[in-house]
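Each reported figure results from applying straightforward, stated rules to the coordinates on display, with no laboratory input. Being a predicted model, the structure only gives us computed values, none of them experimental. Cβ sites come from the backbone with ideal geometry, for glycine too, and all protein chains shown count toward neighbours.
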Ligand SMILES: C[S@@+](CC[C@H](N)C(=O)[O-])C[C@H]1O[C@@H](n2cnc3c(N)ncnc32)[C@H](O)[C@@H]1O
């Protein structure tokens, strides 16, 4: 069974390693997020990526931060700058279902979440459902070929090839693959029409 991050360890989601290696604004921009865009951050945690996304989309855009743990989302809301309240909405999701309409998003982010589910292909399918045609899915996750630290034990990680296969079977076209940070892979895909 896939291993989920313990809520008690949530401060790791904003540690110095992340701040040095994973710049949220740079990653969102790589996926095409811009002023007026709609983003869905699936498995948003405490909002390390969602809050900067709300800066990028500006007052005419929208960010949905979805997570299965309401306590993560409560933490996110507590740290949310007042100006962002109307453009960032938290959404409590279930394992393979985000309660948002089809084709709502220009960009969907799945950051360090795919390795936490038993059936990553079902979660990728759900991400695809949320994307507008031409919209992009950005996936970040731990490379099992690289020893920790940082990150979870290698046996808890998800092979990049498994993810790429899931993408191919979910109406998504693979756009690029690259290392995003030491021990972290990035896969970018586009929703076909
Ligand atoms: C390692 S944390 C990453 C958080 C955030 N994406 C980041 O990179 O800062 C994984 C998060 O995904 C959430 N999660 C796990 N399985 C999920 C699922 N099936 N759907 C939505 N969220 C999920 C967990 O509750 C946790 O908040």
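Summary of values
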{"item": "Highest-fluctuation residue, 142, 28, 17 considered, GNM on the chain with Cα pairs under 10 Å", "result": "17"}
{"item": "Segment residue 155-residue 14, length gained on full extension (0.36 nm per residue, minus Cα span)", "result": "48.4 nm"}
{"item": "Label-reachable residues, segment 3-44, where backbone N falls under 16 Å from a point 7 Å from residue 178's Cα toward its Cβ", "result": "21-33"}
{"item": "Kirkwood-Stokes translational diffusion coefficient of the chain, alpha-carbon pairs, 10 °C, 1.306 mPa s, µm²/s", "result": "97"}
{"item": "Potential lengthening between residue 162 and residue 25 on full extension [0.36 nm per residue; Cα-Cα distance subtracted]", "result": "46.6 nm"}
{"item": "Spacing of the two label points (7 Å from each Cα toward its C-beta) at residue 6 and residue 103, in nm", "result": "4.5"}
{"item": "GNM top mover of 182, 120, 101 - the chain, alpha-carbon springs below 10 Å", "result": "101"}
{"item": "Candidates 119, 89, 155: whichever shows maximal mean-square fluctuation once the chain is modelled as a Gaussian network with Cα springs under 10 Å", "result": "155"}
